[in-house]
Amino acid sequence: MSDALHCRPVRPADAERVRAVYERAMRNADALLPGADHSDLDAPTEAYADGAFLVGEVGTGAGTEVVAVGGVRPVEDGDDAAAFELKRVAVLPAHQGQGYGRAMVRALEAAARDRGAERFVLETGEDQRAAQGLYESLGYECVERVSYAGGEVVGLGYAREP
């Protein structure tokens, strides 16, 4: 049985670890896009000041390890509802399949609801089947297909009402 995930707000000292978790998870999923802008991970406390960025830890004391990360912030999505976008949700490969992604998404949704969210949106890669399954199991519906870099990078947009 795995340890419970403890989600807490990111601290400035976490930035290097946040980037490492995100990049390792995306590399493992073959979803790390070269040249993509990940500058929000350099200073997540500032980049998500109008929302929340969380780290998920397991273990206790000196054995505490950051194994999951994710952020949420307000976004205009063309709907009248106050929309918050989930971003950078990632779990270290060695800790996937233990419910940590689900726990992180739920913690992010709670943080967004505390800030007035009336709608959640997110994007994930077209080939990221595990992520799609997670989001769909949590009630998210695929609402659009998006493309970048002249159609070379394809993603799926999801949405859910709280």
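The values are calculated or read from the model by the stated rules, or taken from the named source; none is laboratory data. Because the structure is predicted, anything quoted here is derived from the model rather than measured. Glycine also receives a Cβ, built like all others from the backbone with ideal geometry; neighbour counts cover every protein chain displayed.
Among the residues that make up segment 24-45, is at least one of them over 24 Å from Gly116 (Cα atoms), polar (S, T, N, Q), part of a helix (DSSP H, G or I) and in contact (Cβ under 8 Å) with a residue 12 or more places away in the chain? Scanning segment 24-45 turns up at least one residue that is over 24 Å from Gly116 (Cα atoms), polar (S, T, N, Q), part of a helix (DSSP H, G or I) and in contact (Cβ under 8 Å) with a residue 12 or more places away in the chain. Within segment 1-23, if we keep just the residues that are under 16 Å from Val58 (Cβ atoms) and without any contact (Cβ under 8 Å) to a residue 40 or more places away in the chain, the residue that is surrounded by the fewest Cβ atoms within 10 Å (Cβ to Cβ) turns out to be Met1. Keeping to segment 107-131, report how many residues are more than 13 Å from Glu85 (Cα to Cα) and either modelled with pLDDT of 95 or more or among the small types (Gly, Ala, Ser) (or both). Here the count works out to 5.
When the residues of segment 140-162 are filtered to those that are surrounded by 13 or more Cβ atoms within 10 Å (Cβ to Cβ) and not in a strand (DSSP E or B), which remaining residue is modelled with the highest pLDDT? Of everything passing the filter in segment 140-162, Tyr140 is modelled with the highest pLDDT. Just one of the listed residues (Glu57, Glu123, Glu85, Glu65) is touching a Ser or Thr at 6+ places or on another chain (Cβ under 6 Å) and closer than 21 Å to Asp42 by Cα, namely Glu57. Residues in segment 97-113 that are surrounded by fewer than 21 Cβ atoms within 10 Å (Cβ to Cβ) and without any contact (Cβ under 8 Å) to a residue 60 or more places away in the chain: Gly97, Arg102, Arg106, Glu109, Ala110, Arg113.
Would you check if Arg73 is on the phi > 0 side of the Ramachandran plot and in a strand (DSSP E or B)?
Working: on the phi > 0 side of the Ramachandran plot: no; in a strand (DSSP E or B): yes.
Considered against the rule, which asks whether it is on the phi > 0 side of the Ramachandran plot and in a strand (DSSP E or B), Arg73 comes out as no.
Pairing each residue of segment 48-59 that is under 11 Å from Gly71 (Cα atoms) with any residue that is acidic (Asp, Glu), provided the two are 6+ apart or on different chains, yields C-beta distances under 7 Å for Val55/Asp14. Considering segment 24-76, and only residues there that are surrounded by fewer than 18 Cβ atoms within 10 Å (Cβ to Cβ) and among the basic types (Lys, Arg), the residue that is nearest to Gly157 (Cα to Cα) turns out to be Arg27. Is it the case, given these coordinates, that Val75 is in contact with a helix residue (DSSP H, G or I) (Cβ under 7 Å, 6 or more places away or on another chain) and free of Cβ contacts under 8 Å to residues at least 60 places away in the same chain? So Val75 fails the test.
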